[in-house]
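S.K.: Please read through the structure below; I'll follow up with questions.
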Amino acid sequence: MDITLNNVTKRFGSTVAVDAVDLEIPPSSLVCFLGPSGCGKTTLLRLVAGLENADGGTMSFRGRSLAGIPERMRNFGMVFQSYSLFPNLTVEENVAYGLKCHRWGDSDIASRVAELLSLVGVADQRGKYPHMLSGGQQQRVALARALAPRPHVLLLDEPLSALDAKVRRTLRSEIRKLQQELGITTIMVTHDQEEALTMADHVVVMNEGRIIQQGPPAQIYDRPLTPFVAGFVGSMNFLTAVETGEGRFRFAGHELVVDRSCVMAPLKGNAIIAIRPEDVQIARPGAETAHQSGSNTLEASVEWIEFLGGKCLLTLAPSSSQPLTINAEVPARTVHDLKLSVGSSISLSLPPDAFNVYPA
């Protein structure tokens, strides 16, 4: 492993920012620390960088302890959320700064700066100052500066949070392709689930200083181990139910059949059943859906339709004596073809293998 953390803890007064974290980061991977504000992800990144000292536990890089090794001696490249470019230096001078600190020769510096500026797509901006650049261009320069000394590890602290949505989408794919091309081990902090899922080889979901779940993006999304992960990573419907038998649950007067593989932990009667909006199937009342099970088919009315471009988010109210709603995400074409509007009646179907079930 490139980076290994064992029982790492960091406190700020009485607040435990990082709580007994164990983590292994393999070479050439891109790992995302994902979680809400205040969950400890940035503090953990700063501990790896050497910008903070741990109060307990051990950290090592390729088997060598990082204890007592200052940040400047770790050869880890850092890109900050605010970019932190030197305003009095040009783009070229910003990228060359770290190389001069490492006492590279002038010709090597010139060659490396030209290589990096071309690699990140800002070669034509080399003589400009940071205030003359767009946010996306500044981030590219910050990335080039971090990569210039050929660091062992690249650390990214919310690198795209200050950019607009279109630039974020472009840059995240560029950063990912660049990371794969260079084969550099990378840790990125983000609170944006979409960034984590689209960019990472491995996602580490944190809350209150602890790792709640870690694994490949698809695993985190498809099989979240706790209601917190299920609700934080993507959208989720949560239904309160009571187990009535093996794989059978009662919810709001309806019976649901659930595959055994969907149960995340042993149950004791009451349960929380979760299903993604995109897994909810809809059809005209009485029409067949891809999944057919009388137990899991409910009649509902459309309470709201939210147009999201190529898809729509429907808020559905099943026919029952209890006030509850289920969200369904469907192609906009489906809404058009079914001629749906607020008040329309539909059938919704909940596939037995699409649930995640947790103890209540």
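S.K.: What distance in nm separates the two pseudo spin-label positions at His131 and Ala165, each 7 Å out from Cα along the beta-carbon direction?
M.R.: For the pair His131/Ala165, the computed spacing is 3.2 nm.
S.K.: For the pair Thr325/Arg284, report the inter-label distance in nm, with labels modelled 7 Å from Cα in the Cβ direction.
M.R.: 2.6 nm
S.K.: Where in the chain are the DSSP H helices whose alpha-carbon span along the long axis reaches 15 Å or more and whose Kyte-Doolittle mean is at least 0.0?
M.R.: 91-101, 106-119
S.K.: Whose amide H sits under 5 Å from the amide H of Asn327, counting only residues 5 or more places off or on another chain, with H placed in the peptide plane?
M.R.: Correct list: Leu316.
S.K.: Hey, fewest Cβ within 10 Å first, where do Glu93, Glu24, Glu181 land in order?
M.R.: Working: Glu93 17, Glu24 13, Glu181 9.
Lowest count first: Glu181, Glu24, Glu93.
S.K.: How much net charge surrounds Leu45 when only the other residues with a Cβ under 14 Å from the Cβ of Leu45 are counted, with Lys and Arg +1 and Asp and Glu -1?
M.R.: 0
S.K.: Residue by residue through region 25-34, which ³J(HN,Hα) values in whole Hz follow from phi under the Karplus form 6.51 cos²θ - 1.76 cosθ + 1.60 (θ = phi - 60°), with glycine and proline marked x?
M.R.: Computed from phi, the couplings for region 25-34 are 10, x, x, 6, 9, 10, 10, 10, 8, 10 Hz.
S.K.: Still on this model: What residue among Ser37, Ser118, Ser14 has the largest mean-square fluctuation in a Gaussian network model of the chain, using Cα springs under 10 Å?
M.R.: So, out of Ser37, Ser118, Ser14, the one fluctuating most is Ser14.
S.K.: Name the long-range amide H neighbours of Ser28: under 5 Å, sequence gap of 5 or more, or other chain; modelled H, no Pro or chain starts.
M.R.: Under 5 Å from the amide H of Ser28: Thr185.
S.K.: Using Cα pairs closer than 8 Å and at least 6 residues apart in sequence, work out the relative contact order for region 3-230, in percent.
M.R.: Numbers: 412 pairs, mean separation 66.1, N = 228.
Value for region 3-230: 29 percent.
S.K.: Separate question: Restricting to the chain, what percent of DSSP beta bridges are antiparallel, rounded to 5?
M.R.: On the way: 59 of 78 bridges.
If we restrict to bridges inside the chain, about 75 percent are antiparallel.
S.K.: Please list, in order along region 212-227, the HN-Hα scalar couplings obtained from phi with the Karplus expression 6.51 cos²θ - 1.76 cosθ + 1.60 (θ = phi - 60°), rounded to whole Hz, x for Gly and Pro.
M.R.: Result, rounded to whole Hz: 8, 7, 9, x, x, x, 5, 5, 4, 6, 7, 10, x, 7, 9, x.
S.K.: Ordered by residue, what ³J(HN,Hα) values in Hz, to whole numbers, does region 262-270 give under the Karplus form 6.51 cos²θ - 1.76 cosθ + 1.60, where θ = phi - 60° and Gly and Pro are x?
M.R.: 7, 7, 7, 7, x, 9, 10, x, 6
S.K.: At 0.36 nm per residue, minus the direct Cα-Cα distance, what do His336 and Ser28 gain on full extension? Give it in nm, one decimal, please.
M.R.: 106.3 nm
S.K.: A further question follows. For Val189, which sequence-distant residues (separation of 5 or more, or a different chain) have an amide H within less than 5 Å of its own amide H, given hydrogens modelled in the peptide plane?
M.R.: The list, which skips near neighbours in sequence, is Phe33, Leu156, Asp157, Glu158.
S.K.: In what sequence do Leu239, Leu324, Leu47, Leu314 fall when counting other Cβ within 10 Å, fewest first? Could you put the intermediate results ahead of the total?
M.R.: Numbers: Leu239 20, Leu324 13, Leu47 24, Leu314 27.
Ranking Leu239, Leu324, Leu47, Leu314 by Cβ neighbours within 10 Å, fewest first, gives Leu324, Leu239, Leu47, Leu314.
S.K.: Please work out the C-alpha center-to-center distance from region 115-134 to region 163-231 and express it in whole Å.
M.R.: 27 Å
S.K.: Mind sorting out which of [x] 69, 53, 38; [y] 104, 57, 38; [z] 76, 46, 33 is the real Cα extents along the principal axes in Å computed from the coordinates?
M.R.: Matching entry in [x] 69, 53, 38; [y] 104, 57, 38; [z] 76, 46, 33: [z].
S.K.: With unit charges on the beta carbons (Lys and Arg positive, Asp and Glu negative) and the dipole taken about the Cα centre of the chain, which residue among Val302, Ser37, Ala114 sits farthest to the positive side?
M.R.: So the residue furthest toward the plus end is Ala114.
Values in this text are rule-based calculations from the coordinates and carry no lab data. Because the structure is predicted, anything quoted here is derived from the model rather than measured. Cβ coordinates were reconstructed from backbone atoms using ideal geometry, including for glycine residues, and neighbour counts include every protein chain displayed.
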